[in-house]
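What follows is a single structure, written as structure tokens, with notes after it.
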Amino acid sequence: MGIYEFQLLNKHDQCQTLFSQGTFVDVRIENHYRYAIYSLHQFWVQVSYNQNTNTIEHITAFIAGPLLDAFATDLTNL
């Protein structure tokens with residue numbers, strides 16, 4: 001499955017595909033949101049989870065860019 005086929009799925013099918021075929025990579029927490037990133041085939045998927053409402057609000061598939069950069073570890077002070 002490619003990124004475009006994934007984006008055509010409804011939210012339920014995206015979750016089912018992601019959690020059964022994807023590989024969890026990392027999570028970051030910002031305010032009341034938890035952002036998890038997964039590797040799925042040849043692209044990345046970010047799941048935006050609202051901890052206050054206990055719901056997945058957004059599922060965003062992408063190849064590269066600022067969403068992926070947000071998970072980069074800052075090693076400059078090590």
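The values are calculated or read from the model by the stated rules, or taken from the named source; none is laboratory data. This structure is a prediction, so every number in the text was calculated from the model and none was measured. Glycine gets a Cβ as well: all are built from the backbone with ideal geometry, and neighbour counts include every protein chain shown.
For this structure, a couple of remarks:
- On the stretch given as the stretch 19-47, residues that are in contact with a Phe, Trp or Tyr (Cβ under 9 Å, 6 or more places away or on another chain) and either assigned to a strand (DSSP E or B) or under 13 Å from His58 (Cα atoms) (or both) total 20.
- Residue within the stretch 60-70 that is in contact with a Ser or Thr (Cβ under 9 Å, 6 or more places away or on another chain) and either modelled with pLDDT under 90 or not in a loop (DSSP other than H, G, I, E, B) (or both) present: yes
- Qualifying residue in the stretch 50-64 (condition: surrounded by 12 or more Cβ atoms within 10 Å (Cβ to Cβ) and either among the charged types (D, E, K, R) or in contact with a His (Cβ under 9 Å, 6 or more places away or on another chain) (or both)): yes
- Residues (surrounded by 12 or more Cβ atoms within 10 Å (Cβ to Cβ) and closer than 18 Å to Met1 by Cα) located in the stretch 22-46: Gly22, Phe24, Ile37, Tyr38, Ser39, Leu40, His41, Phe43, Trp44, Val45, Gln46
- Of all residues in the stretch 12-55, those satisfying the criterion of being in contact (Cβ under 8 Å) with a residue 40 or more places away in the chain and among the charged types (D, E, K, R) are Asp26, Arg28.
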